1. Part of a helix (DSSP H, G or I), among the aromatic types (Phe, Trp, Tyr) and either surrounded by 15 or more Cβ atoms within 10 Å (Cβ to Cβ) or free of Cβ contacts under 8 Å to residues at least 40 places away in the same chain (or both) - does that describe any residue in the range 32-43?
2. Kindly check whether there is at least one residue in the range 59-79 that is under 25 Å from LEU243 (Cβ atoms) and surrounded by fewer than 16 Cβ atoms within 10 Å (Cβ to Cβ).
3. Which pairs do you get when a residue that is more than 16 Å from THR201 (Cβ to Cβ) and touching a residue at least 40 places away in the same chain (Cβ under 8 Å), found in the range 77-99, comes within reach of a residue that is of a type in the set (Val, Ile, Thr) and crowded, with 17+ Cβ neighbours inside 10 Å, reach meaning Cβ atoms under 7 angstrom, with the pair 6+ apart or on two chains?
4. Restricting the search to the range 209-238, which residues are buried (at least 18 other Cβ atoms within 10 Å of the Cβ), farther than 17 Å from ASN137 by Cα and β-branched (Val, Ile, Thr)?
5. How many of the residues in the range 100-113 are of a type in the set (A, V, I, L, M), in contact (Cβ under 8 Å) with a residue 40 or more places away in the chain and more than 14 Å from GLY217 (Cβ to Cβ)?
6. Please go through the range 199-236 and give me each residue that is of a type in the set (A, V, I, L, M, F, W, C), modelled with pLDDT under 95 and not in a helix (DSSP H, G or I), ordered by number.
7. Looking at the range 92-109, which of its residues are surrounded by fewer than 20 Cβ atoms within 10 Å (Cβ to Cβ) and among the β-branched types (Val, Ile, Thr)?
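The values are calculated or read from the model by the stated rules, or taken from the named source; none is laboratory data. What you are looking at is a predicted structure, and each value in this text was computed from that prediction instead of being measured. Here Cβ is always computed from backbone atoms with ideal geometry, including for glycine, and neighbour counts include all displayed protein chains.
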Amino acid sequence: MEKIFAEIIGTMIFVFLGNGVVANVILSKTKGNNNSKNGEWLTIAMGWAFAVFMGIIVSAPYSGAHLNPCVTISFAIIGKLNWEMVPLYIFSQLIGAMLGSLLVWIYYKDHFLKTEKKEDKLSVFVTIPSIKNLFLNFLNEVLATFFFIFISFYLTTEGTLFLGKKYTIGLGSLEAFPTALVVLGIVLSLGGTTGPAINPTRDLGPRIIHSIIPIYGKGKSNWDYAFIPVLGPIVGSVIAATLYLFLSKNL
């Protein structure tokens, strides 16, 4: 049960803070909206990176801080997680993502009312492609998630002190920071096309909330696109885990 609650709480934190920075930048009359596009993407990318960092430091001691079905599935593929735990982790992450996006709506409710553009309101909850091309959008999500998962496998906290022996160098909560930097790098470099989601529940959970809560003038939830940020990241994570497993056994 502690793993389930840790994944719910950790995912809720990072979605609340991640979607929160989008709301702060995009919605009308917030302190973060200066009616200028300058620096907007950098602010959102950094906000999401720090959101992931904060979600990890809370949940890592209890569940390993997956917070993402792609991490859970890839860990199961390489043998670091029992497959029987995968559905519980993913369900917990979905609930956490829904709760986090619900909190964003409550927190910024007045600003949703002041925002006229339907797409801006939707952007707070889900990813929207810059140019809608389902094949390329799917490929973008596959590639972005592949690099996120593959690089993450090589993060380590083990180092060598100058004493002739190897020791584990612990950094406490800062051990979560490299993952945040990977997220920042992926979003800054590969986020121009679809977002990207690199996390199915980060998009699906908020999309469900957007479709059911009473946001004035919210428009459609774009369910015709919803399979892209769900299936694309999963395919990317499976490829990354399979390649990592192959390399670790043959090199």
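1. Initially, the range 32-43 is screened for residues part of a helix (DSSP H, G or I), giving 40-43.
Adding the requirement that they be among the aromatic types (Phe, Trp, Tyr) leaves 41.
Filter once more, keeping what is either surrounded by 15 or more Cβ atoms within 10 Å (Cβ to Cβ) or free of Cβ contacts under 8 Å to residues at least 40 places away in the same chain (or both): none.
Checked the range 32-43: no residue is part of a helix (DSSP H, G or I), among the aromatic types (Phe, Trp, Tyr) and either surrounded by 15 or more Cβ atoms within 10 Å (Cβ to Cβ) or free of Cβ contacts under 8 Å to residues at least 40 places away in the same chain (or both).
2. Looking through the range 59-79, at least one residue is under 25 Å from LEU243 (Cβ atoms) and surrounded by fewer than 16 Cβ atoms within 10 Å (Cβ to Cβ).
3. Hits for this filter: ILE77/VAL238.
4. Within the range 209-238, ILE209, ILE215, VAL238 meet the criteria.
5. To start, the set of residues in the range 100-113 that are of a type in the set (A, V, I, L, M) comprises 102-104, 106, 113.
Next, only the ones that are in contact (Cβ under 8 Å) with a residue 40 or more places away in the chain stay: 102-104, 113.
Retained after the next criterion (residues that are more than 14 Å from GLY217 (Cβ to Cβ)): 102-104.
Looking only at that region, the number is 3.
6. Matches in the range 199-236: ILE213, ILE215.
7. Across the range 92-109, the qualifying residues are ILE95, ILE106.
Here is a yes/no grid of residues against (1) within 14 Å of VAL15 (Cα to Cα); (2) part of a helix (DSSP H, G or I); (3) β-branched (Val, Ile, Thr):
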site: ALA49; (1), (2), (3): yes, yes, no
site: MET54; (1), (2), (3): yes, yes, no
site: PRO61; (1), (2), (3): no, yes, no
site: LEU81; (1), (2), (3): no, no, no
site: ILE95; (1), (2), (3): yes, yes, yes
site: LEU122; (1), (2), (3): no, yes, no
site: LEU139; (1), (2), (3): no, yes, no
